[in-house]
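The values are calculated or read from the model by the stated rules, or taken from the named source; none is laboratory data. Keep in mind that what you see is a predicted model, and the values were worked out from it rather than measured. Note: ideal-geometry Cβ built from the backbone for every residue, glycine included; neighbour counts use all protein chains shown.
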């Protein structure tokens, strides 16, 4: 079908029917292809003759106002009749089980309260930066389905790293391929650069141009709200959807991707870390102020690490230390001279005890130039020295209109043994409010034939309104049983095993082709040693577990979306319960 529409608004709202058969739909202005997506199209209507969909996905069309846009593809009249134009962003999302229902029959989607999620599919965090009081989170995004496809850069912002507002998407697939992962490099108060991978063979459009996996750049002069695919600031007003003039690095290896770029504070210029293939990575360098010409300075193996590198200094008792990070949580400490990274030891350490968390990246915290009239109190240098990090949690979210969520942002540091700690950010701990227990009872317990006993304590709390919570457990002497709004979490001291009832630590089935180093039981983790402390963070559909000052970390998807009721802790331990206020 071919359908023409006069563009009169900022956005074209596309109706999304998740998990329906996919159709390739192209959007043309004149003879130029502006967009092309694989969109699920329902072939039927509901009993009220209304096209069944869960949410609208907005596509920016303001650059083509007062021009005719042609929509080409295999779709029904009901689908095209449901397409709308608006100057606003859509706000309503129905659960996937409500698809096609209207009015009181439809169930609004229930998202986590402090774990970012978006209608559709999300994966890797991208382009993370902080500037002018806002944290910017970009992410791999399919705005048209709950399955992986159409890799776009979504965008969300937050004042406090806990409550996020989704903004319009900023990078869409083009003739160079899908928009794979990348990073932000702030260049000045007025100019931001965003490096990303164009995945040439991930779309039919890219295959038409025989595109490969290339590294490209986009620029922004409006604090990241609009990204223009060009490496020349003076050409930012021009649009070249088939072949933008923004190439900075040709393919070094099949599937090379995920550029992470920083200023080189040692030598000047910039350095980039890039995934190549298998377990291999590259370090590249760009001299002076030119961020468009890159020279390979090192090729190194980080087995069993794969994808999504990060290389930066972290605070430690030894002073700042370099850490090389890979997507599954494997990391090395070492030294870096701006051109080559040298590992401290051959064997990597791992930050995760299971495989739900993936592709974590750190934020670039932009430090503006200090003006002479500003006192030292105006600029707290400790804020700019923070290493704030967020990862994707590969949740399935079955029967929901979203797939995948982001974890609670963490702050990274190393201890004296070069072990990585991932503690919830200060913004999280500042928002916690202690909840007084309703009751606390004590009892003596002893094992038959063993001349020892421990004092068991049972604490209970009542939560009357929905709120994310944190449960801190310390002074652990024996087994612990936790019940959070009906969800059981148990710890056995003898085996160091922790079990989340009906938890799922496996990743989404669309990623079964990714090699997982530890195919663990989905409900269990085993701590390598007896934990001195356990922290539980609970939000709708997710439980985050960390132990030993957040050096041991695990994540579980759960079916429970309940965040009020009764919480109990029973065992030889001390416990405190907090909720997130507001």
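So which residues in region 467-492 are over 20 Å from residue 531 (Cα atoms) and surrounded by 15 or more Cβ atoms within 10 Å (Cβ to Cβ)? Steps first, answer last, please.
Of the residues in region 467-492, the ones over 20 Å from residue 531 (Cα atoms) are 467-469, 484-487.
Correct list: 467, 468, 469, 484, 485, 487.
Of all residues in region 348-373, exactly one satisfies the criterion of being more than 23 Å from residue 277 (Cα to Cα), in a strand (DSSP E or B) and touching a helix residue (DSSP H, G or I) at 6+ places or on another chain (Cβ under 9 Å), namely 365. Checked against the criterion of being buried (at least 17 other Cβ atoms within 10 Å of the Cβ), modelled with pLDDT of 95 or more, in a loop (DSSP other than H, G, I, E, B) and not assigned by TED's automatic domain parsing to the domain that holds residue 145, the candidates 506, 550 yield just one match: 550.
Annotation note: of 516, 569, 545, the sole residue that is out of contact with any helix residue (DSSP H, G or I) (no Cβ under 8 Å at 6 or more places or on another chain) and either at pLDDT below 95 or assigned to a helix (DSSP H, G or I) (or both) is 516. Counting only residues that are surrounded by fewer than 21 Cβ atoms within 10 Å (Cβ to Cβ), free of Cβ contacts under 8 Å to residues at least 40 places away in the same chain and either more than 15 Å from the chain's Cα centre (by Cα) or at positive phi (or both), region 158-193 holds 3 of them.
Restricted to region 63-89, and to residues there that are surrounded by fewer than 16 Cβ atoms within 10 Å (Cβ to Cβ) and either part of a loop (DSSP other than H, G, I, E, B) or outside the structural domain of residue 28 (by TED's automatic domain parsing) (or both), the residue that is nearest to the chain's Cα centre (by Cα) is 89. Specify the residue that is surrounded by the fewest Cβ atoms within 10 Å (Cβ to Cβ); the eligible residues are those in region 314-336 that are touching a residue at least 24 places away in the same chain (Cβ under 8 Å) and either closer than 22 Å to residue 268 by Cα or in contact with a helix residue (DSSP H, G or I) (Cβ under 9 Å, 6 or more places away or on another chain) (or both). Going through the qualifying residues, I end up with 315.
Within region 1-39, being assigned to a strand (DSSP E or B), out of contact with any helix residue (DSSP H, G or I) (no Cβ under 8 Å at 6 or more places or on another chain) and crowded, with 18+ Cβ neighbours inside 10 Å holds for 12, 13, 14, 16, 25, 27, 35, 37, 38, 39. Looking only at residues in region 374-394 that are more than 22 Å from the chain's Cα centre (by Cα) and in a loop (DSSP other than H, G, I, E, B), which one is modelled with the lowest pLDDT? Going through the qualifying residues, I end up with 375. Any residue at all in region 337-347 that's assigned by TED's automatic domain parsing to the domain that holds residue 161, within 29 Å of residue 122 (Cα to Cα) and out of contact with any helix residue (DSSP H, G or I) (no Cβ under 6 Å at 6 or more places or on another chain)? Within region 337-347 (the criterion being assigned by TED's automatic domain parsing to the domain that holds residue 161, within 29 Å of residue 122 (Cα to Cα) and out of contact with any helix residue (DSSP H, G or I) (no Cβ under 6 Å at 6 or more places or on another chain)), the answer is no, since none of the residues qualifies.
Would you pick out the residues in region 199-219 that are touching a helix residue (DSSP H, G or I) at 6+ places or on another chain (Cβ under 9 Å) and touching a residue at least 24 places away in the same chain (Cβ under 8 Å)? Once the filter is applied, which keeps residues that are touching a helix residue (DSSP H, G or I) at 6+ places or on another chain (Cβ under 9 Å) and touching a residue at least 24 places away in the same chain (Cβ under 8 Å), region 199-219 yields 199, 200, 201, 206, 209, 211, 212, 213, 214, 219.
Would you point out which residue out of 107, 42, 54, 98 is modelled with pLDDT under 85, crowded, with 16+ Cβ neighbours inside 10 Å and touching a helix residue (DSSP H, G or I) at 6+ places or on another chain (Cβ under 8 Å)? If you could, list the steps in order and put the result at the bottom.
Values: 107 fails: crowded, with 16+ Cβ neighbours inside 10 Å; 42 fails: modelled with pLDDT under 85; 54 fails: modelled with pLDDT under 85.
The unique qualifying residue is 98.
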